[in-house]
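The values are calculated or read from the model by the stated rules, or taken from the named source; none is laboratory data. As the structure is a prediction and not an experimental result, all values here were calculated from the model. Here the Cβ is made from the backbone with ideal geometry for all residues, glycine too, and neighbour counts use every protein chain on show. Heads up: the accessible areas ignore ligands, DNA and RNA and are worked out on the full protein's heavy atoms, side chains in. Shrake-Rupley method; radii C 1.70, N 1.55, O 1.52, S 1.80 Å.
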Amino acid sequence: MDTIIGLGNAGCNIAEHFSQYPQYKVFRIDTREREGSRFYKMPDLSSPEEYEKKCPSLKSFFRGAKGDCLFIMAGSGHISGCSLAILKQLHEKKCDLNILYIKTDTSLLAQNKQLQERATFQILQQYARSAIFKKMYVVDNTRLEQILGPVPINEYYDRLNQLVSSTFHMVNVFNNSQSVMSSFSEPTEVCKIATIGIVSAEDNKEKLFFDLQMQREKVYYYAINSDKLNTDAELLFNIKKQLREKVLEDERTKISYGIFSTEYEEDYIYCSAHASFIQGQNSFEKNENFS
């Protein structure tokens, strides 16, 4: 990714975590004032429909946005109503659009917010399936809670956002780095819905950030200390053993992997899972904003 764009409170908070990495140019759009450059303050409107109708031109604001763009958002806030209008403007700039969708706990939302979140989630997936977006990554806050365990209230969102941004960053880095060894192949074109996750190096336990159904492909990224790559004669045997266990868990899912040299003292394993199947309930009719 070259450009990170955060929409709304959740999107901006995660986008700001990406600012710690020099690889990205970060833009933020929100209704409350935020410090720093590349920030656009939206008016505080009363409904998603108003945001859709009154979305301003942001072409001058997005000056410098190019290449692979990661658009981060949640679907339950009113400001999500202008997401398609903004994405259309980025599409016209010839940006390659990827979505990072933050799925909130809908059980604690009012009914109108639940309906809005569900509609936004379904519509964006339809656009991804139509190849208007390169990929739509989904992370679920309830899954992140389970992975992190108990967290103090004042640190709750910061810890969740850090987990998402750091994991996505590492997957992005490895997708653009030379591996020591790999079995990577071109991804299946129809697999447009995805999630990311981490794997325990000790017990091979996998923790995806979203319960992705009907997975067709999984990619594992092994970040291994450089000294260990030079001295551990059993390393490759153990990695392949782990991967064979993954194959046996679901023989219908295509498995690939890459091994990367790092200077970290500990070893880390990251993963991404991909599907062509629309996640969630019955699909909504496709919005016509991109027509």
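Applying the condition of being touching a helix residue (DSSP H, G or I) at 6+ places or on another chain (Cβ under 6 Å) and assigned to a helix (DSSP H, G or I) to segment 98-115 and asking which residue is modelled with the lowest pLDDT yields Thr106.
Going by the structure shown, is Val190 open to solvent by 20 Å² or more (accessible area, probe 1.4 Å), within 18 Å of Lys254 (Cα to Cα) and of a type outside the set (Ser, Thr, Tyr)? Even if it seems obvious, please write down each step before you answer.
Numbers: open to solvent by 20 Å² or more (accessible area, probe 1.4 Å): yes; within 18 Å of Lys254 (Cα to Cα): yes; of a type outside the set (Ser, Thr, Tyr): yes.
The answer is yes for Val190.
Which of the strands (runs of 3 or more DSSP E) found entirely inside segment 209-275 contain at least 3 residues meeting this: of a type in the set (Val, Ile, Thr)? Ranges flagged: 254-262. Could you say whether any residue in segment 199-211 is at pLDDT 95 or above, surrounded by fewer than 19 Cβ atoms within 10 Å (Cβ to Cβ) and farther than 26 Å from Glu251 by Cβ? Looking through segment 199-211, none of the residues is at pLDDT 95 or above, surrounded by fewer than 19 Cβ atoms within 10 Å (Cβ to Cβ) and farther than 26 Å from Glu251 by Cβ. Residues in segment 145-167: is at least one in a strand (DSSP E or B) and either among the charged types (D, E, K, R) or at pLDDT 90 or above (or both)? Within segment 145-167, not a single residue is in a strand (DSSP E or B) and either among the charged types (D, E, K, R) or at pLDDT 90 or above (or both). Of the numbered criteria (1) more than 26 Å from Thr3 (Cβ to Cβ); (2) open to solvent by 80 Å² or more (accessible area, probe 1.4 Å), the one Tyr222 fails is (2). A count restricted to segment 87-108 and to residues that are within 19 Å of Val138 (Cβ to Cβ) and either in contact with a His (Cβ under 7 Å, 6 or more places away or on another chain) or not charged (D, E, K, R) (or both) stands at 11. Checking the stated criteria, Phe260 turns out not to satisfy the condition of being under 20 Å from Tyr137 (Cα atoms), touching a strand residue (DSSP E or B) at 6+ places or on another chain (Cβ under 6 Å) and either open to solvent by less than 80 Å² (accessible area, probe 1.4 Å) or small (Gly, Ala, Ser) (or both). Among the residues of segment 211-260, write down those that are over 19 Å from Ala273 (Cα atoms) and of a type in the set (Val, Ile, Thr). Selection gives Ile224, Thr231.
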